[in-house]
Amino acid sequence: MSLVLSVFEQGLIYAIMALGLYITYKILDFPDMTVDGSFPLGAAITAMLITKGWNPFLTLPISFAAGAVAGMLTGLIHVKLRVRDLLSGIIMMTALYTVNLRIAGKANLPIYNMENIFDNKLVNAIIPESLSQFKTVIVAFVITMIVKYILDWYLSTKSGFMLRAVGDNETIVTSLGVDKGWIKILGLALGDGFAALSGCMFAQQQRYFDVTMGTGTVVIGLASVIIGTTVFKKVTFLRVTSSVVIGSLIYKACVAVAIRMGMQSTDLKLITAVLFLLILVVGTERKKKVKSTC
Amino acid sequence: MLELQHIHKFFNPGSVNEICLFDDFNLTVKDGEFVSVVGSNGSGKTSMLNIICGSIDIDHGQILIDGKDYAGKKDFVRSRQIGRVFQDPSKGTCPQMTILENMSIAENKGKPFNLTRGVNKAHIDYYREMLAHLNLGLEDKMHTPVGALSGGQRQAVALLMATMTPIDFLILDEHTAALDPKTAEIIMQLTDQVVREKKVTTIMVTHNLRYAVEYGSRLLMMHEGKVILDKAGEEKKNVDTEEIMKIFNQISVECGN
């Protein structure tokens, strides 16, 4: 039971980061490595603010804003300084490692026994005692759904249309008299804002910040996005954003099963890598099949 | 009115691969003209369009639109006055977005892309009418991603999109070259119809000499960065394809083609 619960808790929290990568990787077609730094950035800010006694709900918008600034910087490096997409992300990711250490003050900052978004007076008052063990899942679900619906709404606006257009066909964005560079910067800001928001929630669920907690986040996010978009390709009633959330849950479930089958938690990165490779291979094979039927 | 004055453009300046594309190139296009441009490969036709649209920068010279110099302005700034249809049908539309969404962004050109709804439901009937006008059956496919359409259908949508908002110039860059002969014919007739209806100043680059002779009010032939033939008005009406073909063959022989 606790295993299933933790799959849902972490799957939902990581889903927000996966939605961010969906924006950058799928919509913008930009491999954004910044996420490995912006995810722990959200966590570092959150741990720092909570130890200072801030209201835990305030950490959500603050983390989002900080992540958005990081993404914007990656975008500026790429667009204005003309550094290649992958490298601009790696530069920011490396820089953020130090920034995160500075914010938290040390490599590991625990926030046990403090109020957080999953455990505070307000949540305890709303959720009855009998459901107390589901508190984290319920709060994570609510926040993830809010984020998902905001993203759905945004993608249906004129500004969202431009974001989709720039990943689809840059030429048309220019033809419409819009600077494609700023649209990319905006998309990266959103993507890394989501990653930091996800990191903020993860730190509160784990009740600590660790400077290495961001390593491999991009891979987890990409795996979730690819699982979600390939598995549910044919399911028309599901929005792509919902597929990505479910993809994140499936990914966490796969990892949980692997660990249950006797793998050590130190093997986690290897499991992640193998799983990701598997998903990529299976995912692209499907694509080929679709093409050949045309 | 569009005036290209004393345009100089070198590729790879200062290196052994230095290529002079334009050396003091001049061209004036009057309002309402429909200029067809022909010429061999490498004659500078497409580069000329790229220079007008700002896709490539010039070394010297002026690009005057109604007397205002646009040289040095960013491509997306110039795009606000210019509609462009490319040779590659995938360049004029967004493949993953539906016809409806594509037309919605095209109609919003020149206005801010803000947080209001992307598709204006009140305009759907208007779009449908425009699509029905094409006679390609697209009015029933408004929720289909454009990527699922054929090249000709996509080019037709691209043409509609390029001319939806008021523009000063329509730039057609070999826009029928990637299509089969029958579809190319349909798109060409459609182009003529749109240009007449909107009375928009048009520059069309084509490899099809017959189109260049049949359509448009002025014919230009380019060779090695120079205009070597320029016929407008009555003169243009009396030009026939064979005559153009003869001149064209002559310059091609010089190039060794």
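Derivation of every value follows stated rules applied to the coordinates shown; laboratory data play no part. Predicted model only: the values in this text are computed from it and were never measured. FYI the Cβ positions are ideal-geometry reconstructions off the backbone, even for glycines, and counts take in every protein chain you see.
Hey, how much of the P(r) for the stretch B:43-176 falls beyond 21 Å, as a percent of Cα pairs? Intermediate results must be reported in sequence, preceding the final value.
Details: 4031 of 8911 pairs.
Summing the P(r) tail past 21 Å for the stretch B:43-176 gives 45 percent.
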**Q.** Difference of contour (0.36 nm per residue) and Cα-Cα distance, B:ASP57 to B:ASP24
**A.** 10.4 nm
**Q.** C-alpha long axis of helix B:151-162 to longest principal axis of chain B, angle in °
**A.** 90 degrees
**Q.** Amide N of the stretch A:224-254 lying under 16 Å from the label point, which is placed 7 angstrom from the Cα of A:SER156 along Cα→Cβ
**A.** A:237-243
Q. Normalized C-alpha radius of gyration of chain A, against 2.2 N^0.38 Å?
A. 0.99
(Q) Calculate log10 I(q)/I(0) of chain B for q = 0.13 Å⁻¹, where I(q) comes from the Debye formula with a single equal point scatterer on each Cα and nothing for solvent. (A) -0.87
Q. Taking a 22 Å limit on the Cα-Cα distance, which of the listed pairs A:LYS52/A:LYS121; B:LYS45/B:LYS91; B:LYS9/B:LYS199 fall beyond it?
A. B:LYS9/B:LYS199
Q | A:MET145-B:ASN12 pseudo-label distance in nm [points 7 Å out on the Cα-to-Cβ vector] | A | 6.2 nm
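Between B:ASN120 and B:ALA148, what FRET efficiency follows from the Cβ-Cβ distance if R0 is 22 Å, with the result rounded to 0.05?
Working: r = 23 Å, r/R0 = 1.06.
So the FRET efficiency works out to roughly 0.40.
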**Q.** Distance (nanometres) between label positions extended 7 Å along Cα→Cβ at B:ASP31 and A:LEU131
**A.** 6.8 nm
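If you wrap a convex hull around the alpha carbons of the stretch A:86-132, what volume per residue comes out, as a whole number of Å³?
Details: hull volume 6.3 nm³, N = 47.
Residue-normalised Cα hull volume stands at 135 Å³.
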**Q.** Under 5 Å, built H, 5+ apart or other chain: amide partners of B:MET97
**A.** B:VAL146, B:GLY147
Q) Based solely on its DSSP helices, what 222 nm [θ] is calculated for chain A when runs of n ≥ 4 H residues each add -39,500 (n - 2.57) and the sum is averaged over all residues, nearest 500 deg cm²/dmol? A) -24500 deg cm²/dmol
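What full-extension length gain, to one decimal in nm, is calculated for B:LYS68 and B:ARG210 as 0.36 nm per residue of separation minus the Cα-Cα distance? Before the final figure, lay out each step's value.
Values: separation 142, 0.36 × 142 = 51.12 nm, distance 3.46 nm.
Result: 47.7 nm gained on full extension.
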Q.
Can you give the log10 of the normalised intensity I(q)/I(0) at q = 0.16, 0.19 Å⁻¹, computed with Debye over equal Cα scatterers of the stretch B:9-87?
A. -0.68, -0.96
Q | Crossing angle, helix B:181-198 versus chain B [Cα axis fit, 0-90 degrees, rounded to tens] | A | 80 degrees
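Expressed as a whole percent, how much of the Cα-Cα distance distribution for the stretch A:143-246 exceeds 18 Å? Before the final figure, lay out each step's value.
Numbers: 3204 of 5356 pairs.
Roughly 60 percent, rounded to a whole number.
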Q.
Helix A:158-168 against the longest principal axis of chain A: what's the angle in degrees, Cα atoms only, rounded to the nearest 10?
A. 70 degrees
Q. Running Debye on the stretch A:53-148 with equal point scatterers at the Cα sites and no solvent, what base-10 log of I(q)/I(0) appears at q = 0.11, 0.21, 0.25 Å⁻¹?
A. -0.51, -1.10, -1.26
Q | Mean Cα-pair separation over length for chain A, i.e. relative contact order, pairs under 8 Å, 6 or more apart, % | A | 36 percent
Q.
Quick query: amide H of A:PHE209 versus all other amide H atoms, modeled in the peptide plane; which residues come in under 5 Å with a sequence gap of 5 or more or a different chain?
A. A:LEU109, A:ILE111
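Return the FRET efficiency for the residue pair A:THR98, A:LYS269: r is the Cβ-Cβ distance, R0 is 35 Å, and the value is rounded to the nearest 0.05. Could the numbers behind the result be given before it?
Numbers: r = 22 Å, r/R0 = 0.64.
That gives a FRET efficiency of 0.95.
Could you line up B:ARG196, A:ARG164 from fewest to most neighbouring Cβ atoms inside 10 Å? Could you put the intermediate results ahead of the total?
Details: B:ARG196 10, A:ARG164 23.
Going from sparsest to densest Cβ surroundings: B:ARG196, A:ARG164.
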Q. Taking the Cα atoms of the protein assembly as shown, what is the range of coordinates along each of the three principal axes, in descending order and whole Å?
A. 91, 53, 40
Q | Principal axis box of the stretch B:137-252, alpha-carbon based, largest edge first, Å | A | 49, 28, 25
